[in-house]
Structure formats: C-alpha cells, structure tokens
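Novice: Can you keep this structure in mind? I'll have questions shortly.
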Amino acid sequence: MVVILIAVLLSVLVGAWLWSRPLFSGSWRRSPAWFTASALLLLLCAGVTYLVGSVAGASLDPEEACHRAGETYDRAYRRANFEEYTRWFPLHDKCHAGYDLVPAWVNPVLVALPVLALVCLAHALGLIVARHRTEKKGTA
C-alpha cells in the first residue's frame, strides 16, 4: 500500500513540475498543449471532487453517519426525498431538511471545473487555428 501511495505521490509531483515549467518560462500563453493539459488536470480534479462528495459521511448506515456528524436522523424525510440522495448530480446526503453530509462547496466546484476545462480546450483550439492560419500565410 505504501509503495502505491509513493508511486501516486511521485507521479503527481512530476506532473505538477512538468505542468508548471511553462508558467515560469512564460511560454504557457502560446502553448495549446499547456491548455489541453490544464483541461485534463481540471477534469481530474472534478473527478476527485465528485469522489469526495459521493463518499462524504460514507457509511453503510446513514443514521450512524448523521449521529457522527452531531445531527439527528429523520427517517421520514429520507423516505420522502429518496430521489434526492440517489441522483448523480447534484450530490446530497441529507440527515434532515437542514443538514447535508455533502460539503456545500462540492456541487459548485463540480460545475466550475468542467466549465473551466471547456474554456481551456476552446482556447487551445483557438491557438491551434491561429497558428495554422499564420503558417499558411507565411508559405503562400
């Protein structure tokens, strides 16, 4: 287990170093590859955020998870709102109408990160098109 953790940590550090090199050299503004890598990184972070939100208060017994959080468990509310905590998005795991085990930041981040990834991909595509047009003009 420790070997896997070290391998994951090492790959994350190497990836972060490779991603940040263009930031220090100033070449990131003209690099479609950097924006594409940033989009992939943002989507990976969105996946981790979804995992964090889906296992928030993780327990096979939701009543136990609510009591561990210091909240009361309302069985009637959970039955009446069954669809609410079984949906893929937005993530909710409510103990009662006033308390959610899923942190409040999870759902907004799950919207913002893919939107930012799309913006990065669109900018990368724009850089590729601009580079292609300038190369065409230079050869004609």
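The values are calculated or read from the model by the stated rules, or taken from the named source; none is laboratory data. All values derive from a computational prediction rather than experimental measurement. Positions of Cβ are backbone-derived with ideal geometry, glycine not excepted, and every protein chain shown enters the neighbour counts. Note: accessible area is taken over every heavy atom of the protein model, side chains too, but ligands, DNA and RNA are not part of it. Shrake-Rupley method; radii C 1.70, N 1.55, O 1.52, S 1.80 Å.
Novice: Quick one: would you say H132 is modelled with pLDDT of 85 or more and over 25 Å from T36 (Cα atoms)? It would help to see each step written out before you state the result.
Specialist: On the way: modelled with pLDDT of 85 or more: yes; over 25 Å from T36 (Cα atoms): no.
Here the answer is no, as H132 does not meet what is asked.
Novice: Let me ask you something else. Just one of (1) farther than 30 Å from R87 by Cα; (2) surrounded by 11 or more Cβ atoms within 10 Å (Cβ to Cβ); (3) not hydrophobic (A, V, I, L, M, F, W, C) trips up S25, so point out which.
Specialist: Among (1) farther than 30 Å from R87 by Cα; (2) surrounded by 11 or more Cβ atoms within 10 Å (Cβ to Cβ); (3) not hydrophobic (A, V, I, L, M, F, W, C), the lone unmet condition for S25 is (2).
Novice: Would region 43-57 turn up any residue that is under 21 Å from V106 (Cβ atoms), among the aliphatic types (A, V, I, L, M) and modelled with pLDDT under 85? Please lay out each step first, then the result.
Specialist: Here is the first cut: in region 43-57, the residues under 21 Å from V106 (Cβ atoms) are 43-57.
From what's left, among the aliphatic types (A, V, I, L, M): 43-44, 46, 48, 51-52, 55-56.
Adding the requirement that they be modelled with pLDDT under 85 leaves 56.
Looking through region 43-57, at least one residue is under 21 Å from V106 (Cβ atoms), among the aliphatic types (A, V, I, L, M) and modelled with pLDDT under 85.
Novice: As an exercise: evaluate P90 against (1) assigned to a helix (DSSP H, G or I); (2) closer than 30 Å to L121 by Cα and give the number of the one condition it does not meet.
Specialist: That leaves (1) as the condition not met.
Novice: Follow-up question, since we're still on this one. Can you find, within region 60-87, the residue that is least open to solvent (accessible area, probe 1.4 Å) among those that are in a loop (DSSP other than H, G, I, E, B) and under 23 Å from G47 (Cα atoms)? Walk me through it before giving the result.
Specialist: Residues of region 60-87 that are in a loop (DSSP other than H, G, I, E, B), as a first pass: 60-61, 69-74, 81, 86-87.
Next, only the ones that are under 23 Å from G47 (Cα atoms) stay: 60, 86-87.
Values: L60: 182, T86: 71, R87: 114 Å².
Residue satisfying both the conditions and the ranking: T86.
Novice: Could you check, for region 31-42, whether at least one of its residues is open to solvent by less than 40 Å² (accessible area, probe 1.4 Å), among the hydrophobic types (A, V, I, L, M, F, W, C) and farther than 28 Å from A130 by Cα?
Specialist: no
Novice: A104 is checked against (1) over 30 Å from R131 (Cα atoms); (2) modelled with pLDDT of 90 or more; (3) surrounded by 15 or more Cβ atoms within 10 Å (Cβ to Cβ) and fails just one. What number does that condition carry?
Specialist: So A104 meets the others, but not (3).
Novice: On to the next question. Go over the candidates G47, G57 one by one and state the one that is surrounded by 11 or more Cβ atoms within 10 Å (Cβ to Cβ) and assigned to a helix (DSSP H, G or I). Steps first, please.
Specialist: Numbers: G57 fails: assigned to a helix (DSSP H, G or I).
Among G47, G57, only G47 is surrounded by 11 or more Cβ atoms within 10 Å (Cβ to Cβ) and assigned to a helix (DSSP H, G or I).
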